[in-house]
1. Just the residues that are over 23 Å from residue 151 (Cα atoms), among the charged types (D, E, K, R) and assigned to a strand (DSSP E or B), please, taken from segment 40-63.
2. Give the residues of segment 78-94 that are buried (at least 18 other Cβ atoms within 10 Å of the Cβ) and within 30 Å of residue 145 (Cα to Cα), sorted by residue number.
3. Conditions: (1) in contact (Cβ under 8 Å) with a residue 12 or more places away in the chain; (2) more than 23 Å from the chain's Cα centre (by Cα). Residue 58 meets all but one. Number of the miss?
4. Could you list, in sequence order, the residues of segment 76-120 that are within 15 Å of the chain's Cα centre (by Cα) and not in a strand (DSSP E or B)?
5. Could you tell me whether residue 131 is modelled with pLDDT under 95 and more than 30 Å from residue 51 (Cα to Cα)?
6. Give me the pairs, please: first residue somewhere in segment 152-163 and at positive phi, second residue anywhere and surrounded by 16 or more Cβ atoms within 10 Å (Cβ to Cβ) and not basic (Lys, Arg), beta-carbon distance under 8 Å, and either six or more positions apart or on two chains.
7. Hey, among the residues in segment 95-136 that are hydroxyl-bearing (Ser, Thr, Tyr) and under 13 Å from residue 157 (Cβ atoms), which one's surrounded by the most Cβ atoms within 10 Å (Cβ to Cβ)?
8. Only one of 29, 14 is modelled with pLDDT under 95, touching a strand residue (DSSP E or B) at 6+ places or on another chain (Cβ under 8 Å) and among the acidic types (Asp, Glu); which?
Amino acid sequence: MADQSTEEQLNNYDFTSSDAGASHTFPMDAGQIRKGGYIVIKGRPCKVANVSTSKTGKHGHAKANFTAIDIFTGKKLEDIVPTSHATSVPNVARLDYQLLDISDDGFLSLLTESGDTKDDLKLPGFPEGFDDQLRAEFDAGKTIIVTVVSAMGHDQVMSYKEDTTGN
């Protein structure tokens, strides 16, 4: 490669990836994570429901016992981590979109803030009855705003509300 120009070297790389390169998680000391915060347990993004700490034992580390709820499935997960050790925390984003349509197979058509459509989300099926309620509200002609939570490369509709602003 020493005899190639800089432009030729750049042409050998593929810059067409749509990934911004941002990490899905970041490290944080387990002792800094509080109730209501987020943690990754068994590879799943979770919201911390309870944290208890044990005193230092004969091996020298205080332990944090986390009880957390998977933000996408609602399942309860537990983990024990030394408070001085780093653990993974998911980057969680929450965005609102206007609902344009619901297809017969359950895919949603959403309007982004930039005016584009997002058509890759499906009705979540969780909690029970959520899909039927959302479909009924939309079929009644109401303007619906859905809240989408994104974490660790997964997006899911978590809630909705009627848009009463008239936009």
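1. Filtering segment 40-63 down to residues over 23 Å from residue 151 (Cα atoms) leaves 52-63.
Keeping just the survivors that are among the charged types (D, E, K, R) gives 55, 58, 63.
Answer for segment 40-63, where residues must be over 23 Å from residue 151 (Cα atoms), among the charged types (D, E, K, R) and assigned to a strand (DSSP E or B): just 63.
2. 89, 90
3. (1)
4. Listed by number, the list holds a single entry, 91.
5. On the way: modelled with pLDDT under 95: yes; more than 30 Å from residue 51 (Cα to Cα): yes.
So residue 131 passes the test.
6. Here the result reads 152/25; 152/40; 152/45; 152/90, each pair linking segment 152-163 to a residue that is surrounded by 16 or more Cβ atoms within 10 Å (Cβ to Cβ) and not basic (Lys, Arg).
7. So the residue we want is 97.
8. On the way: 14 fails: touching a strand residue (DSSP E or B) at 6+ places or on another chain (Cβ under 8 Å).
So the residue among 29, 14 that is modelled with pLDDT under 95, touching a strand residue (DSSP E or B) at 6+ places or on another chain (Cβ under 8 Å) and among the acidic types (Asp, Glu) is 29.
The values are calculated or read from the model by the stated rules, or taken from the named source; none is laboratory data. These numbers were taken from a predicted model, which means no experiment stands behind them. All Cβ positions, glycine included, derive from the backbone under ideal geometry; neighbour counts span all protein chains shown. Protein only, heavy atoms only, side chains kept; ligands, DNA and RNA dropped before computing areas. Shrake-Rupley method; radii C 1.70, N 1.55, O 1.52, S 1.80 Å.
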